[in-house]
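This report refers to the structure that appears directly beneath it.
Every read-out reported here was derived from the displayed coordinates using simple, explicitly stated rules and does not represent laboratory data. Computed from a predicted structure; not experimentally measured. When we count neighbours, we look across all protein chains shown, and the Cβ atoms used for this are built from the backbone with ideal geometry, even at glycine.
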Amino acid sequence: MIKILIVEDQALLRDSLECDINRQDDMEVVGVTNDASKAPELCRKLNPELVLMDLVTENGAKGLSFAAQIRQKQPEIKIVIMTSLPEISFIDEAKKAGLFSYIHKNAGKEHLFYTIRCTMAPIS
């Protein structure tokens, strides 16, 4: 079972993600937040295997900054960045932060599930 923390400021999307992910046989949402600044503490408390992190959340919190903090303290946690921004200028910064995957919010849920599973697959 892949334990997932969702970090998304749009309530409708956050609720939809939680519902759709929990319908998967191999995935479970262990926590949700609308503010990326809360993600590192939630990771310490909930110990997810994967964080689905919005690029920008409540109060202008930058997902990449908090994702980097998570990776420094809990490098075993994998992070998938989500964004609706049309440009991908953040990719270099994301690589430096040690992030694993990226998904555009226009992608369908099957693509999201595929991205999560590929991110969690052992590297051989």
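Once both labels are positioned 7 Å from their Cα atoms along Cα-to-Cβ, the gap between LYS62 and GLN10 label points is 2.2 nm. Modelled label positions at ASN22 and ASN47, each set 7 Å beyond Cα in the direction of Cβ, lie 2.2 nm from each other. Highest mean packing comes first when the peptides 112-122, 71-81 are listed by Cβ atoms within 10 Å, giving 71-81, 112-122.
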